[in-house]
Each structure stands twice: as structure tokens, then as C-alpha cells.
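The values are calculated or read from the model by the stated rules, or taken from the named source; none is laboratory data. On a predicted model such as this, the values are computed, not experimentally measured, just so you know. So basically every Cβ, Gly included, is an ideal-geometry build from the backbone, and we count neighbours across all protein chains shown. Areas reflect the complete protein model, heavy atoms only, side chains present, ligands, DNA and RNA absent. Shrake-Rupley method; radii C 1.70, N 1.55, O 1.52, S 1.80 Å.
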Amino acid sequence: MADEDGAGLRDRLSKQGEEALGKLASDLLENPLVNSAITRAFSARRLPSGGQGFFHPDNFTFGQPLFLSDVVATAIGVPGVAWVDVGDDDTGLRFRRLGRPPAGEAARGRIDAAAREVLRADSDPSNPENGRVGVLMRGRP
């Protein structure tokens, strides 16, 4: 009988632990500090700290490719981010040129730039042709 009670208690505690972790993940995702930190990290602006956002124009030059590993490293470097999903569909990071279907960029791990092209992602709704960064955040169910 004691083993049955112990197993039931462990099951209840395990379920409560999972629910608490799910709540914590939801709270982090809804946290405006995490959202704004990601937005700042990938901005094309000079940051209040004096640094530059990932897509700041000084970070790219003519013909320089955009490496997926740099994007993932930047995302993981944001406090509150523990995992980045990479793919070419709607369930993960869509690593491709804006307005074009995937052309193997995620598999190659880079988006190439032409010799006279500078890649950019200003995320400016007034100038969508200048690229954008969108983040889909979700926790563990």
C-alpha cells in the first residue's frame, strides 16, 4: 500500500512540476522584456548600450552572405531564449529571402549576396522591400 501511495504522490508532483514549467515558459514568452530584447538584438539600429543591432548597416558589406549560424547565435544570446527551431516551413525559422520560396538557404546555412548587393533587414513597415525579421515565440506545451 505504501508503494502505491508513493507512486501516486510522485505522479501528482511530476504533473504539478510540468504545469509549473509550462506556466513559467508562457510567462517568459509573454514577457515584454524578452520580446523587446529579441527585437533590439536583430534591429538595424544603434542600440542604447552603444552597440549595434545584428542588421545594422555597418555589420554587412557588398557580397557578404548572411550565415544561419550567426542568426542562431544571436537569438540564443538573448536572455530568456533557450532554443531556436530552423527550417523552411511555418513551424520553424524561415531562413530565406523575403517574398521568395525557399531555395535551400537553411540547408546551405547561408543566404548569398551578389557582388554588388548588401543584405539588409530593416524591419521597417514603411519600407517592406528592405527586409524584415519576424519572431515566433512559443513555450513548451
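Figures for the structure shown
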read-out	value
Qualifying residue in the stretch 59-73 (condition: of a type in the set (D, E, K, R), open to solvent by 50 Å² or more (accessible area, probe 1.4 Å) and more than 29 Å from P32 (Cβ to Cβ))	no
Of residues in the stretch 29-51 being more than 18 Å from S123 (Cβ to Cβ) and aliphatic (A, V, I, L, M), the one surrounded by the fewest Cβ atoms within 10 Å (Cβ to Cβ)	L33
In the stretch 128-141, the residues that are modelled with pLDDT of 75 or more and either surrounded by 11 or more Cβ atoms within 10 Å (Cβ to Cβ) or in contact with a helix residue (DSSP H, G or I) (Cβ under 6 Å, 6 or more places away or on another chain) (or both)	P128, N130, G131, R132, V133
Options G104, G109; residue that is touching a residue at least 40 places away in the same chain (Cβ under 8 Å), of a type outside the set (A, V, I, L, M) and open to solvent by less than 50 Å² (accessible area, probe 1.4 Å)	G109
Residue in the stretch 89-103 that is touching a helix residue (DSSP H, G or I) at 6+ places or on another chain (Cβ under 7 Å), modelled with pLDDT of 80 or more and basic (K, R) present	yes
Failed item, numbered, when F54 is tested on (1) in a loop (DSSP other than H, G, I, E, B); (2) surrounded by 15 or more Cβ atoms within 10 Å (Cβ to Cβ); (3) modelled with pLDDT under 90	(3)
